[in-house]
Amino acid sequence: MWATKESKNKSILADKYRVGRRAHVILTLALLLVGCFSLAIGPANVSIWSILKKLMLNELLTSLEYIIIFDIRLPRLLLGTCVGAALAISGAVMQGLFRNPLADPGLIGISAGAGLGAIIAIVLGGIIPGFITSILGNYLVVFFAFLGGWATTLILYTVATRRGQTSVATMLLAGIALGALAGAISGILVYKANDQQLRDLTFWGLGSLAGASWAKVTVAGPLIGVAIFFAVRLGHGLNALALGEATAAHIGVATQNLKNNAIFAVAAATGIAVAVSGGIGFIGIVVPHLVRQLIGPDHRTLIVNSGLLGAIILVLADVISRIIVAPAELPIGIITAVIGAPVFLWILLSNRKEGNW
Amino acid sequence: MLQTHDVCVEINKKKILKNIKFDVPAGKITALIGPNGSGKSTLMRAISGEISYQGKIFINERDINFMKAWELAAIRAVLPQNSSVAFPFTVAEVIHIGLRNSTESSTDHLINDALDCVGLLSLAKREYSQLSGGEQQRVQLARVLAQVWSPLIDGSAKWIFLDEPVSSLDISYQLEVMNIMQNYADRGGGVLTIMHDLNLTAMYADNVGLLHNGKLLCFGTPSQVMNDKILSEAYSCEIKVNKTPKNDKIFILPQATNT
Ligand SMILES: Nc1ncnc2c1ncn2[C@@H]1O[C@H](COP(=O)(O)OP(=O)(O)OP(=O)(O)O)[C@@H](O)[C@H]1O
Ligand SMILES: [Mg+2]
């Protein structure tokens, strides 16, 4: 009698949380696998297996092999992992914050805002007071990208949300307006740029991991780690927020804190990703959507799983971008857009069918 | 005991509530009635700590302005007039999310019992957003009940605040839900509910507060508050209050105006 009741109760939550936790492990393994794959592939004919063999047998690597694996492919892999995770996580957090699966940092202007911040730091770096630049050092561009993303998120949230309800139409339209404005100002600044700065700037428009270097990895990696640490702790609160802001407060969530932290996490993750890789779109919308379809919407596992799957997908997209037109290279933003835009339309359609508009 | 002392609410310079003062005892059902726009939901939102107000509100002798969100969540649960759930959460998950402070094993029982209580156990794994309006309302009620499942905490009452809990229910579930409230009150909990159905109010409420234009017109037992004159004036239409011949229960028949 007791046993049957117990088992009936156990299934009531469908144990999706446990499935989500298990997915952490599976996706981590998949990421390692994809990582090896990415290290093994490239225009130069250097195979990871021959190198692993050499390492195992304690043979010396040629300097070319060393450079290709450790100075070119590895930092690129690590940067791709960081950026993919950051974009997917900021998408997941943002969708929880706006209570809508269509929110994406690229689509609603936050990446553009972060890009503007980065461009300001690069072009107007000369007129920023010296003590600020010396405090920030390598982090100057990242910090300004964060500020740009933060300001944009804050404005957007204020404009699109009334009494805890987000208007999807307002969010998308305001996002387009803010993105256009940030783009326009960025355009003006680009005119002011000198040749060296112009070269620095070109990769933003494209969105690419081609500029990967150990310097970027060491700047972005730890910061993205901090942003992820923040984001993961928002899971409980974002679940509550899904029931509406008023209800979230009624069940004991300090909603203002939650919103501030979520906006901070989104701006930090997006800002850093944009600062090191430009505007790579659609990861933030496609990845959380896939995870929700596969495992369910529970933010306690959604955020980490999105981060892992985002890293996997971006690393794979990077591999494709390197081999599809080899020896040339396609900007990765094109690949993510080709995959992402149809998914976005799909979500839009199914959202409309459910009458969420 | 739930007490309000001269509560005033102003939104956009407009006075929505004016000097609301009443004491609501625990262990009883207290109903708030009044025409559309009279301020019932606003009053409930003030009592729930959702909006700012002038005056004072005490729950169990504690000023709610000095209580944290989680402290309030432990002693009162709120059913809003409208609620939506974003993302494809299941019914069981919606209730689970409402129980932030419970331990894993008892949580399952709680969700089970709460859903059983509103007759929705069979829908536990269904997606919330695919339920009918009435089913969603009952899920939300189950969530509220689960949050404050045992009506007493260290001898003092827990509270449920319900904004039109039966508005989209069929007649049998209306009675079912009123019985749930009755049961909660009988076991010592406090129940404050906004009602539009005057007959159900007369049948179940121990106290009735009538709001009109942001003022509390009167507060008392159903037979004190619900008479022809007061109701007709408050709702600006002719209302006839009758008594059943057998046991003097109040019932109300709206009078058609064009015949
Ligand atoms: N956020 C707001 N901004 C402006 N006016 C508001 C706001 N909230 C409520 N009001 C106004 O306050 C008055 C009371 O609203 P309230 O929702 O409390 O009415 P109610 O008694 O619950 O009505 P109903 O029976 O229709 O639910 C209404 O005139 C409404 O327009
Ligand atoms: Mg109302």
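Solvent-free Debye calculation, one equal scatterer per alpha-carbon of the protein assembly as shown: log10 I(q)/I(0) at 0.06, 0.07 Å⁻¹ equals -0.41, -0.54.
Going highest first, how would you order B:186-195, B:90-99, B:67-76 by mean Cβ packing within 10 Å?
Ranked by mean Cβ neighbours within 10 Å, highest first: B:90-99, B:186-195, B:67-76.
Taking the square roots of five times each eigenvalue of the Cα gyration tensor of the stretch B:35-111, the equivalent ellipsoid has semi-axes of 27, 19, 9 Å, listed largest first. Charge dipole of the stretch B:178-259 (Cα centre as origin; +1 on each Lys and Arg Cβ, -1 on each Asp and Glu Cβ, all else neutral): 100 debye, rounded to the nearest 20.
Computed extension gain for B:D113 through B:A256, at 0.36 nm per residue and net of the alpha carbon distance, reaches 47.2 nm.
The ratio of the alpha-carbon radius of gyration of the stretch A:49-207 to the globular-protein estimate 2.2 N^0.38 Å is 1.34. Less than 5 angstrom separates the built amide H of B:T193 from those of B:T30, B:A31, B:L32, B:L162, all sequence-distant by 5 or more or on a different chain. A dipole drawn for the stretch B:2-254 from +1 and -1 charges on Cβ atoms has a positive end, and of B:A77, B:N60, B:S106 the residue lying farthest that way is B:N60.
On a per residue basis, the convex hull of the C-alpha atoms belonging to chain A measures out at 173 Å³. With 30 Å as the limit on Cα-Cα distance, the pairs of B:K40/B:K246; B:K125/B:K249; A:K259/B:K14; B:K13/B:K56; B:K15/B:K229 that go past it are B:K40/B:K246; B:K125/B:K249.
Per-residue Karplus couplings for the stretch A:84-100, computed as 6.51 cos²θ - 1.76 cosθ + 1.60 with θ equal to phi - 60°, are listed in order as x, 5, 4, 5, 5, 5, 5, x, 4, 5, 5, 5, x, 5, 7, 6, 8 Hz, Gly and Pro entered as x. Using only alpha carbons, the stretch A:177-320 has a radius of gyration to Kirkwood radius ratio (Rg to Rh) of 1.03. Put simply, when A:261-270, A:74-83, A:177-186 are sorted by average Cβ atoms within 10 angstrom per residue, most first, you get A:261-270, A:74-83, A:177-186. Here is how the number arises for chain B: DSSP H runs of 4 or more residues each give -39500 (n - 2.57), the sum is divided by the residue count, and the result at 222 nm is -9500 deg cm²/dmol.
Between A:Y191 and A:V325, the C-beta separation translates, for a Förster distance of 25 Å, into a calculated FRET efficiency of about 0.25. Beyond 29 Å in Cα-Cα separation lie the following of the pairs B:K158/B:K243; B:K28/B:K243; A:K16/B:K68: B:K158/B:K243; A:K16/B:K68. Panel note: the C-alpha atoms of chain B, placed on their principal axes, show extents of 56, 41, 37 Å (largest first).
The mean count of C-beta atoms from other chains within 10 Å of the C-beta of residues in B:90-96, rounded to a whole number, is 5.
Placing unit charges on the Cβ atoms only, positive for Lys and Arg and negative for Asp and Glu, gives the stretch A:17-349 a dipole magnitude near 700 debye about its Cα centre.
Shielding value for B:74-86 is 4, the average number of Cβ atoms from other chains within 10 Å of each residue's Cβ. Within the shell of other residues whose beta carbon sits under 14 angstrom from the beta carbon of B:S236, the net charge comes to -2, with Lys and Arg scored +1 and Asp and Glu -1. Over chain A, dividing the summed -39,500 (n - 2.57) contributions of all DSSP H runs of at least 4 residues by the number of residues returns a 222 nm mean residue ellipticity of -24500 deg cm²/dmol. Highest mean packing comes first when the peptides B:43-56, B:136-149, B:8-21 are listed by Cβ atoms within 10 Å, giving B:136-149, B:43-56, B:8-21.
FYI, it's all coordinate maths here, none of it is from the lab. This is a predicted model, so every value here is computed, not measured. Heads up, the Cβs are rebuilt from the backbone with ideal geometry, glycines too, and the neighbour counts pull from every protein chain shown.
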